[in-house]
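Chemist: Input: one structure, supplied below.
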Amino acid sequence: MTGSRLAAFTAACLIAAASVTALAQSGDRSKLSAPPPVNPRQTGNNTFQFALQNGMQVLVIPDHRAPVVTQMLWFRVGAVDDPPGISGIAHFFEHMMFRGTKSVPGDQFSQTVSKNGGELNAFTSHDYTAYYEQIAKDRLPLVMRLEADRLVNLILTDASVGPERDVVLEERRMRVENDPQSLMSEQMRAALHLTHPYGRPVIGWAEEIRRIDRVSAQRFYNRHYAPNNAILVVAGDVTPDEVRKLAQDTYGKLPARNLEPRSESAEPPRMAETRMTITRRDARVPIFSRLYRVPSYSQARPGQAQALETYGQLLGGGQTSMLYRVLVEQKKLASDAGASYDGNNRDAGEFSIYAVPRPGVTLQALEKAVDEVLLSTRNAPPQAADLTRAKTGLIASVTYRRDSQMSLAMAYGQALTIGLTVDDVNEWPARIRAVTADNVRRAAQSLSRNQAVTCYLLPGGSK
Amino acid sequence: MIHRALAACAFALIVMSVPSQAADIQNIDLGKNATVWFAEDHTVPIIAFNISMPAGSAYDPAGKSGLASFAASMMDEGAGDLSSKAFHEAIENRAIGFSARAERDHLVISITTLKENAPEAMRLLQMALMKPRFEADALARVKTQIIQSLQQDQVEPPRVAGRAFASAFFGNHPYAQSSIGTIKSVSSITAADLRAFARRHWVTNGIKVAVAGDITKPELTKLLADTFRPVPNTAPPALPNIGRLGKPGVHVMPLPVPQPTAVFGLPGIMRDDPDFIPGYVANYILGGGGFSSRLTNEVRVKRGLTYGVSTSLTAYSKASVMMGSVATRANAIRQTVQVVRDTMSTFAKEGPTQQELNDAKTYLTGSFPMAFASNRGTASQLGTFQRQNLDIGYVARRNSLIQAVTIADVQRVAKRLYDPARLTVVIAGTPSDGRPAPQVPRPPVPPSEAPKPPASVPATAKPPATPEKPVPGPVTAPQDTQKP
């Protein structure tokens with residue numbers, strides 16, 4: 001631990017001792033990386049951090065190209081926190097946050113942001129929920145007041161819960177039920193995570209979405225929404241001091257609350273591969289797909305997740321990747337193929353592979369060819385040129401990300417809510433650069449079929 | 001407390017400064033009937049290019065629909081002395097973003113590069129335009145990808161409805177054809193077709209180039225001049241004019257899906273018509289404004305009938321369309337279309353309230369600078385203006401044009417635009433409302449154009465088991481990423 005981070009940690013502890021006992025009790029929610037100081041403190045090339053007295057963490061990313069700011073408010077709550085039997089409530093609740101408070105009733109939240117020239121939306125994952133606005137910089141006080149207001153003053157009524165539940169059921173039909181590939185992913189994920197809530201879809205099972213009512217929504221709000229469970233990220237044409245003052249005048253007025261700890265889910269060991277074949281009338285093109293449970297960035301040993309990331313890029317990132325080259329271009333068995341690693345989770349990460357057969361090729365033949373490529377990556381380290389190209393692409397993505405306030409705010413907000421630090425984000429390019437050919441080979445060797453679900457999606461008669 | 005503060009803000013006039021980048025959009029003269037706009041910014045070491053040519057799908061020859069789009073998909077598949085594999089490597093070794101897509105009127109090429117790789121990116125572009133290889137292997141592979149994508153489209157309600165709508169709405173004009181083509185037309189496309197199309201259409205006459213990012217004007221001028229100097233400058237062919245638009249009525253394309261999609265539309269307003277901007281404001285109020293629109297309020301907020309309903313006003317070079325879409329469960333689709341119709345009818349009769357007009361103006365003007373908050377956003381927005389044949393001064397003028405719109409303007413234009421009796425509606429799905437599904441034959445022309453143009457390289461299948469992405473929140477209507 002560096003000196004500066006130790007100092008930061010001490011400062012935050014003092015605040016916690018003075019006023020935020022909740023943090024100490026809720027082990028998980030206080031699983032804050034290095035708690036930041038009260039005054040804005042530079043924690044990276046262009047990032048500044050501080051905390052409010054009530055425990056809310058704040059991160060500022062100045063960008064002065066346009067007179068615009070992006071505010072993102074992240075909460076350490078997501079679909080993993082859906083109570084048993086009511087999957088989908090975290091996402092449903094995120095919709096309800098746009099349904100009005102006493103002082104900003106009905107749809108005035110979005111109306112007000114729009115009439116002030118702003119864009120807004122929100123999103124929910126298994127691990128987090130985030131709300132954002134992009135708006136002219138002189139409207140930052142306004143959107144901070146609005147967010148602070150709905151953080152504590154939301155009004156839930158039967159009249160608003162009912163129609164919104166129907167909206168979410170339509171959203172599920174659109175995103176999942178109308179789309180055989182989405183259905184396949186949902187089934188595979190349900191099979192991959194034996195009991196962990198990552199196996200439940202974020203949007204929820206339709207039968208369980210129907211069970212959501214005002215009482216369960218209110219309970220969810222009371223349990224998870226408090227300033228000490230939030231991380232504010234502001235990117236754009238502002239200074240850290242401006243943000244600190246505005247944040248203190250808005251969010252800073254909200255009291256911290258004693259929150260129950262987030263429930264932790266065990267991940268029982270998998271003993272064998274799960275295989276499934278899904279046959280659907282609305283699938284017109286067969287697909288081979290495999291999903292492995294692997295360590296995430298928050299679980300991995302140093303360098304391990306970066307090696308998996310690099311391996312994913314080498315194996316299946318784009319048209320120069322091994323799977324594309326071998327299956328699509330050389331053997332001409334597939335029309336498309338790819339792979340990727342997603343490790344941005346609090347719990348397990350995922351490594352996924354897919355291939356689409358050319359007409360006349362069976363999924364069995366395709367799978368065999370995929371497995372031969374996988375075997376070759378276990379037996380030999382990657383070619384130097386291929387490794388360099390994969391790393392170049394990953395590292396350049398960080399430079400490209402700097403072009404967008406939203407992408408930057410996303411990267412930091414996501415990292416902090418899943419328990420990583422600003423340093424983890426800032427040092428990521430260097431850690432990718434350090435990945436060796438041997439690291440990649442070991443990442444390939446670490447993929448175990450016992451930790452995987454393999455699926456064939458087939459066009460067919462029954463629905 | 002909060003209430004008062006909000007009220008104060010709502011009434012405050014937003015005096016929106018012109019975006020800093022927009023303030024000095026520079027013109028670069030390459031000769032050759034090329035238009036080049038440049039926004040210089042050295043904050044991030046990248047450069048974004050947005051390049052348009054009048055080489056879109058409307059130029060597809062009869063029986064070869066999908067040719068422009070196919071050619072765009074082949075743009076990174078080998079050129080000059082580089083095979084397909086070598087071309088892909090040349091791009092990915094330097095992490096250059098290189099993509100091309102065919103819209104109705106234009107081929108649009110987007111290139112994003114780290115500043116040090118800009119010369120290589122432009123060298124590859126020059127080769128791709130002048131010496132495409134269209135090799136048999138790559139051609140067969142891309143053809144399979146496109147055909148598989150078309151096969152899956154046949155069961156996707158938004159795709160089916162969008163294609164059938166274009167076919168019904170644009171009649172005999174090339175706009176009625178699908179940009180991606182049909183399985184039959186794409187199957188028939190040969191290397192000779194692609195070569196002829198590229199030779200005729202991939203020229204600098206009429207080219208529009210928008211650039212934003214970390215390069216100086218002299219450097220960029222030299223780079224672009226070198227890139228485009230040898231590219232032929234022959235005149236591109238003209239598009240035919242269009243006749244009557246629309247085929248009023250409800251047309252059903254039966255599909256066994258849980259959630260049908262309805263696509264609906266009316267003749268729009270051309271870009272050079274003085275009513276275009278009032279029309280855009282009217283559309284924002286009716287259905288363009290995401291959560292703020294009348295349609296969202298009536299269909300979604302009040303009745304919970306859909307996750308998303310939206311409309312857009314789009315002007316192509318030869319026709320304009322006010323088009324919208326909505327998706328809902330099978331037993332509610334007819335009711336939903338009726339609510340859309342009624343909402344439209346009321347708006348045409350009564351026009352907007354003063355408050356709606358004020359709110360629309362503050363949104364449309366206040367959100368404009370956000371289009372210029374990144375190099376990629378700036379290049380893309382400037383490219384949009386260029387394709388609409390606007391002049392370079394439009395960027396600075398645009399907000400005042402919106403400010404000048406009066407309630408009488410919007411009333412007049414709403415009457416002109418929103419006549420529910422003329423509405424063309426296509427439902428893809430099977431309405432289950434007790435009534436027998438009406439026998440509407442498939443449109444005579446092969447199904448056409450989905451509402452959103454496809455990506456250049458048709459993703460046969462999006463990676464199916466990629467990690468579940470965060471489920472986005474309540475706002476679904478596109479909030480004009482490209483401002484008018």
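The values are calculated or read from the model by the stated rules, or taken from the named source; none is laboratory data. Please read these numbers as outputs of a predicted model, since none were measured by experiment. All Cβ positions, glycine included, derive from the backbone under ideal geometry; neighbour counts span all protein chains shown.
Every residue, every condition in (1) under 24 Å from B:L364 (Cβ atoms); (2) more than 9 Å from chain A (Cβ to nearest Cβ); (3) touching a Leu at 6+ places or on another chain (Cβ under 9 Å), yes or no:
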{"site": "B:Q259", "(1), (2), (3)": "no, no, no"}
{"site": "B:V263", "(1), (2), (3)": "no, yes, no"}
{"site": "B:N283", "(1), (2), (3)": "yes, yes, yes"}
{"site": "B:G288", "(1), (2), (3)": "yes, yes, yes"}
{"site": "B:V299", "(1), (2), (3)": "yes, yes, yes"}
{"site": "B:L305", "(1), (2), (3)": "no, no, no"}
{"site": "B:G308", "(1), (2), (3)": "yes, no, no"}
{"site": "B:T311", "(1), (2), (3)": "yes, yes, yes"}
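A quick yes/no check of all residues on (1) more than 30 Å from the chain's Cα centre (by Cα); (2) over 26 Å from A:H126 (Cα atoms); (3) more than 11 Å from chain B (Cβ to nearest Cβ); (4) without any contact (Cβ under 8 Å) to a residue 60 or more places away in the chain:
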| site | (1), (2), (3), (4) |
| --- | --- |
| A:A300 | no, no, yes, yes |
| A:Q304 | no, no, yes, no |
| A:A337 | no, yes, no, yes |
| A:E367 | no, yes, yes, no |
| A:D371 | no, yes, yes, yes |
| A:A384 | yes, yes, yes, yes |
| A:L387 | no, yes, yes, no |
| A:S407 | no, no, no, yes |
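Chemist: From the residues in region A:111-128 that are outside any strand (DSSP E or B) and free of Cβ contacts under 8 Å to residues at least 24 places away in the same chain, which one is nearest to the other protein chains (Cβ to nearest Cβ)?
Modeler: A:G117
Chemist: Quick check: is even one residue across region A:251-264 more than 12 Å from chain B (Cβ to nearest Cβ), farther than 20 Å from A:L387 by Cα, in a strand (DSSP E or B) and of a type in the set (S, T, Y)?
Modeler: Looking for residues that are more than 12 Å from chain B (Cβ to nearest Cβ), farther than 20 Å from A:L387 by Cα, in a strand (DSSP E or B) and of a type in the set (S, T, Y), one finds none in region A:251-264, hence no.
Chemist: Right, A:F92: outside any loop (DSSP other than H, G, I, E, B) and modelled with pLDDT of 90 or more or not? Before you say what the answer is, go through the steps one by one.
Modeler: Details: outside any loop (DSSP other than H, G, I, E, B): yes; modelled with pLDDT of 90 or more: yes.
It is true that A:F92 is outside any loop (DSSP other than H, G, I, E, B) and modelled with pLDDT of 90 or more.
Chemist: Considering only region B:27-75, how many residues are crowded, with 24+ Cβ neighbours inside 10 Å and part of a loop (DSSP other than H, G, I, E, B)?
Modeler: Within region B:27-75, residues that are crowded, with 24+ Cβ neighbours inside 10 Å and part of a loop (DSSP other than H, G, I, E, B) number 7.
Chemist: Among the listed residues A:A396, A:A452, A:A390, which satisfies the condition of being surrounded by 18 or more Cβ atoms within 10 Å (Cβ to Cβ) and in contact with a Gly (Cβ under 7 Å, 6 or more places away or on another chain)?
Modeler: Checking each option against the conditions leaves just A:A390.
Chemist: Tell me the residue from B:Q386, B:Q403, B:Q338, B:Q354 that is out of contact with any helix residue (DSSP H, G or I) (no Cβ under 9 Å at 6 or more places or on another chain) and surrounded by fewer than 16 Cβ atoms within 10 Å (Cβ to Cβ), please.
Modeler: Checking each option against the conditions leaves just B:Q338.
Chemist: Which of the strands (runs of 3 or more DSSP E) contained wholly in region A:271-374 include at least 2 residues that are in the same structural domain as A:L394 (by TED's automatic domain parsing) and within 24 Å of B:A140 (Cα to Cα)?
Modeler: Counting at least 2 such residues, we get A:287-294, A:334-342, A:349-357.
Chemist: (1) more than 21 Å from the chain's Cα centre (by Cα); (2) within 14 Å of another protein chain (Cβ to nearest Cβ): which one isn't true of A:Q414, the others all being true?
Modeler: Only one criterion is unmet by A:Q414, namely (1).
Chemist: For the structure I just gave you, tell me whether B:N331 is surrounded by fewer than 22 Cβ atoms within 10 Å (Cβ to Cβ), more than 8 Å from chain A (Cβ to nearest Cβ), out of contact with any helix residue (DSSP H, G or I) (no Cβ under 9 Å at 6 or more places or on another chain) and farther than 24 Å from B:D273 by Cβ. Steps first, answer last, please.
Modeler: Details: surrounded by fewer than 22 Cβ atoms within 10 Å (Cβ to Cβ): yes; more than 8 Å from chain A (Cβ to nearest Cβ): yes; out of contact with any helix residue (DSSP H, G or I) (no Cβ under 9 Å at 6 or more places or on another chain): yes; farther than 24 Å from B:D273 by Cβ: yes.
It is true that B:N331 is surrounded by fewer than 22 Cβ atoms within 10 Å (Cβ to Cβ), more than 8 Å from chain A (Cβ to nearest Cβ), out of contact with any helix residue (DSSP H, G or I) (no Cβ under 9 Å at 6 or more places or on another chain) and farther than 24 Å from B:D273 by Cβ.
Chemist: Go through region A:273-298 and give me each residue that's within 30 Å of B:L255 (Cβ to Cβ) and more than 13 Å from chain B (Cβ to nearest Cβ).
Modeler: A:T277, A:T279
Chemist: While we're on this one: How about region B:90-112: which of its residues are farther than 21 Å from B:H173 by Cα and among the aliphatic types (A, V, I, L, M)?
Modeler: Result: B:A90, B:I91, B:A95, B:I96, B:A100, B:V108, B:I109, B:I111.
Chemist: Given the structure, is A:R378 modelled with pLDDT of 95 or more, under 26 Å from B:R94 (Cβ atoms) and of a type in the set (K, R)?
Modeler: The answer is no for A:R378.
Chemist: Filter region B:90-122 for residues that are under 20 Å from B:S69 (Cα atoms), outside any loop (DSSP other than H, G, I, E, B) and touching a residue at least 60 places away in the same chain (Cβ under 8 Å) and give the result.
Modeler: Across region B:90-122, the qualifying residues are B:S99, B:A100, B:R101, B:A102, B:L107, B:V108, B:I109, B:S110, B:I111.
Chemist: Now a separate question. Any idea which of A:P163, A:P67 is over 20 Å from B:S292 (Cβ atoms) and either within 7 Å of chain B (Cβ to nearest Cβ) or surrounded by fewer than 22 Cβ atoms within 10 Å (Cβ to Cβ) (or both)?
Modeler: On inspection, the qualifying residue turns out to be A:P67.
Chemist: In addition: Take A:S216 and tell me if it is modelled with pLDDT under 95 and in the same structural domain as A:T47 (by TED's automatic domain parsing). Full working, then the answer.
Modeler: Values: modelled with pLDDT under 95: no; in the same structural domain as A:T47 (by TED's automatic domain parsing): yes.
Criteria not met by A:S216.
Chemist: Looking at this structure, is A:L142 in contact (Cβ under 8 Å) with a residue 40 or more places away in the chain and closer than 19 Å to A:L254 by Cβ?
Modeler: no
Chemist: Working carefully through the options A:E207, A:E260, A:E273, find the one that is without any contact (Cβ under 8 Å) to a residue 12 or more places away in the chain and surrounded by fewer than 22 Cβ atoms within 10 Å (Cβ to Cβ).
Modeler: After applying the criteria, what remains is A:E207.
Chemist: Related question: Looking at region B:291-304 only, could you name the residues that are touching a residue at least 24 places away in the same chain (Cβ under 8 Å) and surrounded by fewer than 24 Cβ atoms within 10 Å (Cβ to Cβ)? If you could, list the steps in order and put the result at the bottom.
Modeler: Here is the first cut: in region B:291-304, the ones touching a residue at least 24 places away in the same chain (Cβ under 8 Å) are B:291-296, B:298-299, B:303.
Listed by number, the residues that qualify are B:F291, B:R294, B:E298, B:R303.
Chemist: Another question about this same structure. Has region B:362-384 got any residue that is more than 22 Å from the chain's Cα centre (by Cα) and either more than 10 Å from chain A (Cβ to nearest Cβ) or acidic (D, E) (or both)?
Modeler: no
Chemist: Find the residue count for region A:197-233, including only residues that are within 14 Å of chain B (Cβ to nearest Cβ) and under 20 Å from the mean Cα position of the chain (by Cα).
Modeler: Residues that pass the stated criteria total 9.
Chemist: Failed condition for A:Y132, given (1) more than 7 Å from every other protein chain (Cβ to nearest Cβ); (2) in a helix (DSSP H, G or I), with all others met?
Modeler: Among (1) more than 7 Å from every other protein chain (Cβ to nearest Cβ); (2) in a helix (DSSP H, G or I), A:Y132 violates only (2).
Chemist: Got a sec? Which of A:E170, A:E94 is touching a Gly at 6+ places or on another chain (Cβ under 6 Å), assigned by TED's automatic domain parsing to the domain that holds A:E207 and among the charged types (D, E, K, R)? It would help to see each step written out before you state the result.
Modeler: Working: A:E170 fails: touching a Gly at 6+ places or on another chain (Cβ under 6 Å).
On inspection, the qualifying residue turns out to be A:E94.
Chemist: In this structure, does B:S149 turn out to be touching a residue at least 40 places away in the same chain (Cβ under 8 Å), among the polar types (S, T, N, Q), part of a helix (DSSP H, G or I) and farther than 21 Å from B:A319 by Cα?
Modeler: yes
Chemist: In region B:175-193, which residues are assigned to a helix (DSSP H, G or I) and surrounded by 22 or more Cβ atoms within 10 Å (Cβ to Cβ)?
Modeler: Hits for region B:175-193 are B:Y175, B:A176, B:S185, B:V186.
Chemist: Right, something else. Which of the following residues is farther than 30 Å from B:T144 by Cα, at pLDDT 60 or above and more than 16 Å from the chain's Cα centre (by Cα): B:Q403, B:Q388?
Modeler: Only one candidate qualifies: B:Q403.
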